[in-house]
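**Q** Before I ask anything, here is the structure I am working with.
The values are calculated or read from the model by the stated rules, or taken from the named source; none is laboratory data. Source: prediction; values computed, not measured. Reconstructed Cβ throughout: ideal geometry from the backbone, glycine too, with neighbour counts over all protein chains shown. Quick note on the areas: whole protein, heavy atoms, side chains included, nothing else; ligands and nucleic acids left out. Shrake-Rupley method; radii C 1.70, N 1.55, O 1.52, S 1.80 Å.
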Amino acid sequence: MGDEFHVAVRRRLKKIAEDVLSEMAGAGAGEEDDVVVASAPSAQLQHQGAQVPETGFEFYSDGLLATAFLVSAIISAKRMSSSRSHGGAETTVVTAFYSLILLTSALRGVWFVIPGTVWAPYYTPHAVMAFDPDEPRWKLEFFEILLKGIGSLSLFSIFILILVYWADILKKYFYPDARRSKPMITFLVLVGALLSVQIANAVLFLCGFYSTEAMTLVNSVTLSAVSVVCVCEITIFSHRFRTVLKTLGDINQVPTESQVRRIVWITVTGNLFFLTRALLETVFAVQLLFYWRRNGTVAETFSHAT
């Protein structure tokens, strides 16, 4: 009787142990399934992060824009050459105006001609440090950021040149006794300040202070701030210019409607460009700042992972 009891107990314990082992095996299989399922989105995100070849629409649209910038560069080069052949006080500003258009068109044309897969194998922004042995293409990404940054600087310089000369003309009418500085020197100082930001940004990247994403953030914040300033200046100067033209027209009994319409056209075009640019750059900068604030470092990456 005692032996049968012990045998029954051992069988019962063996059955309990088998049940526990089977449950543990089932749980382990479930955890493996969960790991596979959980790793699927991560793998999918990594796959989505890889650069994909350009679609047909992107290829032809980039080609069309590159052609348009090439035509713009040719026209501006001819205009610049023609303006230099004429004498007069306006030769310098006209030559500078078309030179900036030529530079902007050439830089933007080069950027649109080169496929995106040449610059980086990633479709989404990817943080890369300078001289990183694991990222041999960091030089191309660095050069692309420089190319876009200098292209944006030359584009903004066109409007800055117009604003500087508008300010000089308006100062002559509103403050005739005030001492006037040379507008071209003022223009060079402003553009030099923006260029120094680009140079400092590149130097800090090469010294390893932050990544390519932080370079993009600096450019976004700078261009957004400059865009807001340009919108305010264009609006103020445009209103004053129209007032001056109407006053001169009334005094001299000459029509000034065409000049007023030209000023309005420049104002609307400039404000649309700068407002759109400010909005896009601000949204992009806020997004990058969000990742920076959440992860607390720009040492190597903003780490977009949640």
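**Q** How many residues does the range 183-238 hold that are of a type outside the set (Ser, Thr, Tyr) and closer than 21 Å to Val164 by Cβ?
**A** The total comes to 26.
**Q** Checking the condition modelled with pLDDT of 90 or more, in contact with a Ser or Thr (Cβ under 8 Å, 6 or more places away or on another chain) and open to solvent by 40 Å² or more (accessible area, probe 1.4 Å), which residue from Val197, Val189 passes?
**A** Matching residue, one of Val197, Val189: Val197.
**Q** Something else: (1) of a type outside the set (Val, Ile, Thr); (2) in a helix (DSSP H, G or I); (3) closer than 28 Å to Val264 by Cα; (4) open to solvent by less than 70 Å² (accessible area, probe 1.4 Å): which one isn't true of Phe142, the others all being true?
**A** With (1) of a type outside the set (Val, Ile, Thr); (2) in a helix (DSSP H, G or I); (3) closer than 28 Å to Val264 by Cα; (4) open to solvent by less than 70 Å² (accessible area, probe 1.4 Å) applied to Phe142, the lone miss is (3).
**Q** May I pose another question? If you go through the range 264-306 one residue at a time, how many are surrounded by 15 or more Cβ atoms within 10 Å (Cβ to Cβ), part of a helix (DSSP H, G or I) and at pLDDT below 75?
**A** Qualifying residue count, the range 264-306: 3.
**Q** For the range 75-90, give me each residue that is hydrophobic (A, V, I, L, M, F, W, C) and surrounded by 12 or more Cβ atoms within 10 Å (Cβ to Cβ).
**A** Answer for the range 75-90, where residues must be hydrophobic (A, V, I, L, M, F, W, C) and surrounded by 12 or more Cβ atoms within 10 Å (Cβ to Cβ): Ile75, Ala77, Met80.
**Q** To continue, here is another question. Exactly one condition in (1) of a type in the set (Ser, Thr, Tyr); (2) at pLDDT 95 or above; (3) not in a helix (DSSP H, G or I) is false for Ser181; which is it?
**A** Answer for Ser181: the failing condition is (2).
**Q** Looking at Gly49, Gly63 in this structure, which one is at pLDDT below 50 and open to solvent by less than 60 Å² (accessible area, probe 1.4 Å)?
**A** Gly49
**Q** Can you tell me which condition Ala106 does not meet? The list is (1) assigned to a helix (DSSP H, G or I); (2) under 17 Å from the mean Cα position of the chain (by Cα), and all the others hold.
**A** Result: Ala106 fails condition (2) only.
**Q** Restricting to the range 239-261, name every residue that is within 33 Å of the chain's Cα centre (by Cα) and over 13 Å from Ala167 (Cα atoms).
**A** First, pick out the residues of the range 239-261 that are within 33 Å of the chain's Cα centre (by Cα): 239-241, 261.
Matches in the range 239-261: Arg261 only.
**Q** Oh, and also: Could you please let me know if Thr95 is surrounded by fewer than 15 Cβ atoms within 10 Å (Cβ to Cβ) and of a type in the set (S, T, N, Q)? Explain how you work it out, then say what you get.
**A** Numbers: surrounded by fewer than 15 Cβ atoms within 10 Å (Cβ to Cβ): no; of a type in the set (S, T, N, Q): yes.
No.
**Q** Out of curiosity, is Thr212 open to solvent by less than 70 Å² (accessible area, probe 1.4 Å) and closer than 30 Å to His126 by Cβ?
**A** On the way: open to solvent by less than 70 Å² (accessible area, probe 1.4 Å): yes; closer than 30 Å to His126 by Cβ: yes.
When the stated conditions are applied, Thr212 passes them.
**Q** Could we say that Phe241 is open to solvent by 50 Å² or more (accessible area, probe 1.4 Å) and either in a helix (DSSP H, G or I) or aromatic (Phe, Trp, Tyr) (or both) here?
**A** no
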